[in-house]
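Notes to accompany the following structure.
Every number here is computed from the coordinates shown, using simple stated rules; none is lab data. Values in this document were obtained by computation on a predicted structure and should not be read as measured data. Please note: Cβ atoms are built from the backbone with ideal geometry, for glycine as well, and neighbour counts cover all protein chains shown.
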Amino acid sequence: MADRKPLHIGLTGSIGMGKSETSKMFQKLGIPVYDADAAVHRLYQRDGAAVEPLGAAFEGVVKDGAIDRAELSKHVTGNHEATQKLQSIVYPLMAKERARFLAETVGHDMIVFDIPLLFETRGEGNMDVVVVVSAPAHVQRERVLARPGMTAEKFEYLHSRQLPDEEKRAKAHFVVVTDMGLEHAFDQVKMIVANLRDRLKAGNI
């Protein structure tokens with residue numbers, strides 16, 4: 001196994017579906033996880049690579065040497081052109097973060113890429129397998145609106161930018177349902193990993 005590249009598992013799901021907790025479950029099983037949100041946090045923090053270019057592109061978003069995400073959100077929420085500008089700056093920097101992660105995970109049989117907008121950015125073509133995290137719409141809404149600083153308007157905007165859950169599930173190789181408790185979700189993750197390892201051993205993937 002060490003002489004072949006690890007299986008690339010794309011982990012995705014709409015906002016509030018439980019993807020972050022599911023990501024931790026893969027880590028518990030010893031599988032390295034590239035966390036796209038954590039990568040963005042590193043880029044936005046003091047001395048992060050995105051601070052200077054975003055500060056030049058969006059007035060007032062740099063505070064104490066770091067990107068103020070709430071201020072940045074004011075520029076891009078509901079503004080397609082500003083969102084595209086943001087993406088044109090951040091996506092190439094994230095590509096460098098992913099390359100660094102790959103260099104650090106040589107020798108593993110599988111690795112996970114935790115990417116919220118995997119389908120929306122057409123990133124599924126770079127994955128061998130896609131796992132979608134899902135929950136009923138009312139559960140999703142309750143979870144998201146319970147977050148600090150979240151409003152119904154912001155949720156609707158974020159939700160509108162994402163592929164509908166039913167379409168994501170239809171595109172997935174595996175679906176993890178997260179509204180029946182953490183233990184139930186972890187059982188699903190363990191089954192997925194066992195299935196993939198069996199298929200790797202058999203050369204069927």
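When you count, for each residue, the other Cβ atoms within 10 Å and take the mean per peptide, how do 146-153, 5-12, 25-32 rank with the highest first? Mind dumping the intermediate values first?
Numbers: 146-153: 9.9, 5-12: 21.4, 25-32: 16.1.
Most protected by this proxy first, the peptides run 5-12, 25-32, 146-153.
Straight-line reach from Lys201: which aspartates and glutamates have Cα under 13 Å away, leaving out those fewer than 8 places along the same chain? List returned: Asp109. Positive-end ranking of Tyr91, Ile67, Met127 along the dipole of the chain, with charges on Cβ about the Cα centre, is headed by Met127.
Expressed in nm to one decimal, what extension gain is obtained for the pair Asn195 and Ala95 from 0.36 nm per residue of sequence separation less their Cα-Cα distance? Provide the component values of the computation, followed by the final result.
On the way: separation 100, 0.36 × 100 = 36.00 nm, distance 2.91 nm.
Length gained, Asn195 through Ala95: 33.1 nm.
Modelled spin labels at His138 and Ala57, positioned 7 Å past Cα toward Cβ, are 4.0 nm from each other. Membrane-span-like helices in the chain, defined here as complete DSSP H runs extending at least 27 Å along the helix axis by their C-alpha atoms with mean Kyte-Doolittle hydropathy no lower than -1.0, are 80-104, 182-202; this is a sequence and geometry rule, not a statement about a membrane.
Once the Cα-Cα distance is subtracted from the 0.36 nm per residue extended length, the Glu120 to Gln27 segment shows a gain of 31.0 nm.
Take the Cα pairs of the chain, get the Kirkwood Rh, then feed it into Stokes-Einstein at 25 °C and 0.890 mPa s and tell me D in µm²/s. Here the translational diffusion coefficient equals 135 µm²/s.
Listed cross-link partners Lys96/Lys154; Lys19/Lys171; Lys28/Lys190 are compared with a 19 Å cut-off, the Cα-Cα value being larger for Lys96/Lys154. In the stretch 133-205, a dipole from Cβ-located charges (positive for Lys and Arg, negative for Asp and Glu) runs towards its positive end, and of Ala137, Asn195, His184 it is Asn195 whose Cα lies farthest in that direction.
Looking at the stretch 129-205, what % of the alpha carbon pairs are farther apart than 22 Å? Each step should come with its number before you reach the end.
Values: 1125 of 2926 pairs.
Beyond 22 Å sits 38 percent of the P(r) for the stretch 129-205.
Compute the Cα gyration tensor for the stretch 103-145, then decide on rounded, prolate or oblate, letting a ≥ b ≥ c be the square roots of its eigenvalues: rounded whenever a/c is under 1.5, prolate when a/b is larger than b/c in the other cases, and oblate in all that remain.
Verdict is prolate for the stretch 103-145.
For the pair Thr151 and Asp68, label points projected 7 Å from Cα toward Cβ lie 1.6 nm apart.
Here the chain is treated with +1 on each Lys and Arg Cβ and -1 on each Asp and Glu Cβ, and its dipole about the Cα centre works out to around 360 debye.
Give me the percent relative contact order of the chain, please, defined on Cα pairs under 8 angstrom at least 6 residues apart.
Details: 266 pairs, mean separation 70.9, N = 205.
Dividing the mean separation by the residue count of the chain yields 35 percent.
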